[in-house]
Amino acid sequence: MCGIVGYVGPREALPLLMGGLRRLEYRGYDSAGVAVQENGTLEVLRAEGKLDNLAAIVTTHPSAGHTGIGHTRWATHGRPSEQNAHPHVDCGGVTAVIHNGIIENFEALKAPLVARGHKFTSETDTEVAVHLLEEELANGHTLDEAALAVLPRLEGAAALAFISAKDPGKIVAARISNAGGVIVGYGDGENFLASDAPAILEHTRRVSFLDHGEVAIITKEKVTFRAITGEKIDKKIETITWDPIAAAKSGYKHFLLKEINEQPRAISDTLLGRVERSSGRVVFDDNLKMDEAFVRSIPRISFVACGTASYAALVGKYLVERLARIPCDVEIASEYRYRQPAVTKGQLVVAVTQSGETVDTLAAMEEAKKQGARLLSVVNVVGSQASRVSDDVIYLHAGPEISVASTKAYAAMLVDLYLFAIYLGQRRGTLDAERSRKLLAEAFHLPTLVDAVLQEEPKVRALAYRYHAARNFLFLGRGVNYPTALEGALKLKELSYIHAEGTAAGEMKHGTNALIDEDLPVVAIALKDSVYRKIRSNMEEVRARAGVVIAIATDGDDEIVGKADEIIRIPAVEELLSPVLAVVPLQLLAYHIADRRGNDVDQPRNLAKAVTVE
Ligand code: AGP
């Protein structure tokens, strides 16, 4: 959730740390700080609020240190404030720590430290780590020895980095459990540290990813690795091939608008190379290792995911059950591990995740693995933890998604899950050649069709400006577009801060109808599909109670005219692919309402891009 950067080398650390933090600000943005070490001293600069506040302080406090660490925070323990911003320092102000995650036993660790005279200056769980380190350093240990003594005592999930004026020119970083990534970047006579690759990609593409229980000892000359238990370990150096330039805003007002508009391209990239010309079969690359015998024997699939990804998974369930006839369930990942799930022998668990670092999803995967499931992740970020702990991986190829609200990754998830359902159906004999050919042909029209929906933006913006002051919204969907209603409501909530609810339209009469009045805009996904008649009746029920209906309707559907107060059109498409098109006007609606209300669209309050705490 928080962002971490580090540098050790011949260059001044401060500008490099600030540059890295700029690229990580989406991870957390309620406070930020840096610690720079040189000539036996440690200088710490911190500020509450956005990174610009820290940047203003840095300008007036230039520091020429060559070793440093930096942090953007998303508060868990302790409110957002300068005092709770990282780095935290020991009593002597010579050793500093930055941390992403939660140290669950911090209270038990803090009490004896306080009793021994340590002065705590923050309300955070993090600060215990640096006071424990202080004691080890006072015993004459080096920074890495001290860290190896302290780390096994920390419970919970943590990615940490330490520097100390007592052991200059060194950063010690560690990963405990699933608390976000720790990446070491190799330069020439200099080395880097980051929680996410974009923070260091302009300096190096050669990296190593820390796994659970691993520690990196980084100096400008070399990086060595140890297990938290002390043994030396070797790590593979990997090369990151994707382009950080793609992460820039390219003239759009917000990353979100750029990413919404990138969906045709993201979908093309997701489809690329996935259909074998000679056989017409869906094929994935070598990251999908399951053999045909396994595919034919899968008794059941459980999807685990959070937020938007869980809505993509709900569509996935619909697709797999329809096309491959495998029973599926969708589990909110944060619930999965605490309810003692019963895993069926030979079961496949599919994690759907943009970042591949969402701690709840990783924990659910761990639980499923423990119970003997085979793990597949459908994931965007290459080399993320989810991809590394899975038996099989299907990448989204959506490109970097920066805005906190997920849009193009959602589209790519829907397309990957569609392909996977066809893949399963083809191998299990539930899909004949003619039906698969038609389904795949439709998929290849998607980029053009999504582009056509994007042309409706002026209409959606006008609609957004008419309804931006509403206090509540309701989204209705049925069948494969029930998850679209859930996603439309989530997008609106997180971006505009308007309360919204997504409901299966058939459920209205069981309670939600009581909410309907002239002040409640109701967005109905009313496409010409197998449930068209049903949702039309639900719209009538809303209008009969003076509700305002905004319909997402199919091009050329004349019957709907006069049945809704507002109509946004999308092209006709295969029903199983319609969620990919239907969600686009809902993304644009949420974006324009949020922008009209003056909200921070790319970094909505209280949220972060990768949720690496429980
Ligand atoms: C989406 O707009 C959200 N910000 C959020 O629900 C997100 O989808 C969720 O946190 C899961 O993230 P992941 O895909 O990176 O696992």
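Here are a few things to note about the model shown:
- Hits in the stretch 369-378 (condition: away from the ligand (no atom under 11 Å from the Cβ) and assigned to a strand (DSSP E or B)): Arg374, Leu375, Leu376
- Of everything in the stretch 467-512 that is of a type in the set (S, T, N, Q) and in contact with a Gly (Cβ under 9 Å, 6 or more places away or on another chain), the residue that is surrounded by the most Cβ atoms within 10 Å (Cβ to Cβ) is Thr484.
- Of the strands (runs of 3 or more DSSP E) lying entirely inside the stretch 289-368, those carrying at least 2 residues that are in contact with a Cys (Cβ under 8 Å, 6 or more places away or on another chain), farther than 20 Å from Gly502 by Cα and modelled with pLDDT of 95 or more are 301-305.
- Subset of the stretch 73-112 that is of a type in the set (S, T, N, Q) and modelled with pLDDT under 90 - its residue that is surrounded by the fewest Cβ atoms within 10 Å (Cβ to Cβ): Ser81
- Elements of type strands (runs of 3 or more DSSP E) contained in the stretch 186-247, each with 1 or more residues being farther than 19 Å from Val381 by Cβ and of a type in the set (Lys, Arg): 223-227
- Leu577 vs. criteria touching a His at 6+ places or on another chain (Cβ under 9 Å) and closer than 30 Å to Val320 by Cα: yes
- Listing of helices (runs of 4 or more DSSP H) fully contained in the stretch 394-508 that carry 2 or more residues being within 25 Å of Ser377 (Cβ to Cβ) and within 16 Å of the ligand (Cβ to nearest atom): 408-428, 482-496
- Looking only at the stretch 549-579, and only at residues there that are closer than 21 Å to Val460 by Cα, touching a residue at least 60 places away in the same chain (Cβ under 8 Å) and among the hydrophobic types (A, V, I, L, M, F, W, C), the one that is surrounded by the fewest Cβ atoms within 10 Å (Cβ to Cβ): Ile568
- Of everything in the stretch 328-340 that is away from the ligand (no atom under 16 Å from the Cβ) and surrounded by fewer than 19 Cβ atoms within 10 Å (Cβ to Cβ), the residue that is nearest to Leu576 (Cα to Cα) is Asp329.
- Taken over the stretch 309-327, the criterion of being farther than 17 Å from Ser578 by Cβ, touching a Ser or Thr at 6+ places or on another chain (Cβ under 8 Å) and more than 16 Å from the ligand (Cβ to nearest atom) is satisfied by Ala324, Arg325.
- Boolean, Arg374 is buried (at least 18 other Cβ atoms within 10 Å of the Cβ) and among the basic types (Lys, Arg): yes
- With respect to the conditions (1) out of contact with any His (no Cβ under 6 Å at 6 or more places or on another chain); (2) touching a residue at least 60 places away in the same chain (Cβ under 8 Å); (3) crowded, with 22+ Cβ neighbours inside 10 Å, Leu148 lacks only one, and its number is (3).
- Residue match in the stretch 594-604 (condition: buried (at least 21 other Cβ atoms within 10 Å of the Cβ), modelled with pLDDT of 95 or more and not acidic (Asp, Glu)): yes
- Any hit, the stretch 74-81, residues being without any contact (Cβ under 8 Å) to a residue 24 or more places away in the chain and within 30 Å of Asn606 (Cβ to Cβ): no
- Residues of the stretch 35-72 satisfying the condition of being among the hydroxyl-bearing types (Ser, Thr, Tyr) and modelled with pLDDT of 95 or more: Thr67
- Listed by first and then second residue, the pairs with beta-carbon distance under 6 Å, at least 6 apart or on different chains, first residue in the stretch 475-494 and over 23 Å from Asn599 (Cα atoms), second assigned to a helix (DSSP H, G or I) and charged (D, E, K, R), are Arg478/Lys534.
- Qualifying residue in the stretch 464-487 (condition: β-branched (Val, Ile, Thr) and more than 20 Å from Val584 (Cα to Cα)): no
- Condition broken by Ala313, with the remaining ones in (1) without any contact (Cβ under 8 Å) to a residue 40 or more places away in the chain; (2) surrounded by 14 or more Cβ atoms within 10 Å (Cβ to Cβ) satisfied: (1)
- Condition met for Val382 (within 14 Å of the ligand (Cβ to nearest atom) and either over 30 Å from Thr241 (Cα atoms) or among the β-branched types (Val, Ile, Thr) (or both)): yes
- Residues of the stretch 345-354 that are surrounded by 15 or more Cβ atoms within 10 Å (Cβ to Cβ) and either more than 16 Å from the ligand (Cβ to nearest atom) or not β-branched (Val, Ile, Thr) (or both): Gln347, Leu348, Ala351, Gln354.
- Within the stretch 515-538, being among the small types (Gly, Ala, Ser) and over 14 Å from Ala485 (Cα atoms) holds for Ser530, Ser537.
- Residue selected from the stretch 380-402 under the condition more than 25 Å from Val184 (Cβ to Cβ) and surrounded by fewer than 24 Cβ atoms within 10 Å (Cβ to Cβ), by the criterion modelled with the lowest pLDDT: His397
- Test: residue in the stretch 113-126 that is surrounded by fewer than 18 Cβ atoms within 10 Å (Cβ to Cβ) and of a type in the set (Val, Ile, Thr): yes
- Test for Ile267: is it assigned to a helix (DSSP H, G or I), in contact (Cβ under 8 Å) with a residue 60 or more places away in the chain, within 13 Å of the ligand (Cβ to nearest atom) and not hydroxyl-bearing (Ser, Thr, Tyr): no
- Residues of the stretch 15-54 that are under 14 Å from Val5 (Cβ atoms), assigned to a helix (DSSP H, G or I) and without any contact (Cβ under 8 Å) to a residue 40 or more places away in the chain: Pro15, Arg22, Leu51, Leu54.
The values are calculated or read from the model by the stated rules, or taken from the named source; none is laboratory data. These numbers come from a predicted model, not from an experiment. Every residue, glycine among them, receives a Cβ derived from its backbone with ideal geometry; neighbour counts consider all protein chains shown.
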